[in-house]
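Enquirer: Before I ask anything, let me first share the structure, which is written out below as structure tokens.
The values are calculated or read from the model by the stated rules, or taken from the named source; none is laboratory data. Predicted, not measured: the structure shown is a model, and the values here were computed from it. When we count neighbours, we look across all protein chains shown, and the Cβ atoms used for this are built from the backbone with ideal geometry, even at glycine. With ligands, DNA and RNA removed, areas are computed over all heavy atoms of the protein, side chains included. Shrake-Rupley method; radii C 1.70, N 1.55, O 1.52, S 1.80 Å.
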Amino acid sequence: MTSQKVTIIAIGGSFADAIWEKAKNFSAQRLTDDPNEWSSEQWPAKTRAAIDTFVGCLLTNAFIPPILYRSQHVDLWSAGDIFQSAIVANPSDAPCQLLSDRYEVYAVRVGVGQKIVQNVNDCDEYRWLERRLSEAVSAWESLTEQRVIVLIREVLGGLWEDQEVSDSLEQIPHWWSEL
């Protein structure tokens, strides 16, 4: 398990179509079709670099329409498989999963009203992810039925245990005193 930054973006209109086509193109460049094994090395180095550029561009510019929704949070605990299983039940098209040297990306085309898969584990991190994805599915629903949801996972470091977080509440972070 790791700590990670999770960004969820919902995109509508013609730009959603462009993002979806780009994700499918990257997905098609995967060098294997084994659904049980995933590694960034399964994409050519040039494709991994292009995925990093694609994601960097989204993260930098996804603040104005046709971005329907953007959320970013830090998850200090979850394992990577929850992101794959959380996306959406019965999406309009099969989801695309992409791995680069820096990011893990899930893209899915959905319609308003589609339900997020509920994880049986009752951890806070699962509920947070499910709520954010539900918000992305329904954002600006009166303007557009279809949208593309892009979930971007960026690993920050190792797992934080509950006791470490609890202990941290009693201190001022060292970086604060450096201001």
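Enquirer: Which numbered condition trips up Ala94, out of (1) touching a strand residue (DSSP E or B) at 6+ places or on another chain (Cβ under 6 Å); (2) more than 21 Å from Asn61 (Cα to Cα)?
Expert: (1)
Enquirer: Out of all the residues in the stretch 41-64, is one or more farther than 17 Å from Ile8 by Cβ, among the β-branched types (Val, Ile, Thr) and under 15 Å from the mean Cα position of the chain (by Cα)?
Expert: Yes, the stretch 41-64 contains at least one residue that is farther than 17 Å from Ile8 by Cβ, among the β-branched types (Val, Ile, Thr) and under 15 Å from the mean Cα position of the chain (by Cα).
Enquirer: Further, regarding this structure: If I ask for residues that are under 30 Å from Ile9 (Cβ atoms) and either hydroxyl-bearing (Ser, Thr, Tyr) or assigned to a helix (DSSP H, G or I) (or both), which ones from the stretch 165-179 would you list?
Expert: Of everything in the stretch 165-179, those that are under 30 Å from Ile9 (Cβ atoms) and either hydroxyl-bearing (Ser, Thr, Tyr) or assigned to a helix (DSSP H, G or I) (or both) turn out to be Val165, Ser168, Trp175.
Enquirer: Looking at Ser166, Ser138, which is the one that is at pLDDT below 90 and farther than 18 Å from Tyr103 by Cβ?
Expert: Ser166
Enquirer: Which of (1) in a strand (DSSP E or B); (2) at pLDDT 90 or above; (3) of a type in the set (A, V, I, L, M) does Leu156 not meet, given it meets every other one?
Expert: Status for Leu156: all satisfied but (2).
Enquirer: Follow-up question, since we're still on this one. For the stretch 19-59, enumerate the residues that are free of Cβ contacts under 8 Å to residues at least 12 places away in the same chain and either assigned to a helix (DSSP H, G or I) or aliphatic (A, V, I, L, M) (or both).
Expert: Glu21, Asn25, Ala28, Glu41, Ala45, Lys46, Thr53, Gly56, Cys57
Enquirer: Is it the case that Gln72 is touching a residue at least 60 places away in the same chain (Cβ under 8 Å) and within 15 Å of the chain's Cα centre (by Cα)?
Expert: yes
Enquirer: In the set Val108, Val117, Val155, Val137, which member is surrounded by 11 or more Cβ atoms within 10 Å (Cβ to Cβ) and touching a helix residue (DSSP H, G or I) at 6+ places or on another chain (Cβ under 8 Å)?
Expert: Every option except Val117 fails the conditions.
Enquirer: Further question: Tally the residues that are of a type in the set (Gly, Ala, Ser), open to solvent by less than 50 Å² (accessible area, probe 1.4 Å) and at negative phi, restricting the search to the stretch 1-31.
Expert: 6
Enquirer: Moving to a separate point now. Looking at Ile67, Ile87, can you tell me which residue is without any contact (Cβ under 8 Å) to a residue 60 or more places away in the chain, open to solvent by less than 60 Å² (accessible area, probe 1.4 Å), closer than 29 Å to Leu143 by Cβ and among the β-branched types (Val, Ile, Thr)?
Expert: Exactly one residue qualifies, and that residue is Ile67.
Enquirer: Let me ask something else. Quick one: how many residues across the stretch 22-67 are hydroxyl-bearing (Ser, Thr, Tyr) and touching a strand residue (DSSP E or B) at 6+ places or on another chain (Cβ under 8 Å)?
Expert: 3
Enquirer: Looking only at residues in the stretch 98-147 that are part of a loop (DSSP other than H, G, I, E, B) and charged (D, E, K, R), which one is farthest from Trp20 (Cα to Cα)?
Expert: That would be Asp122.
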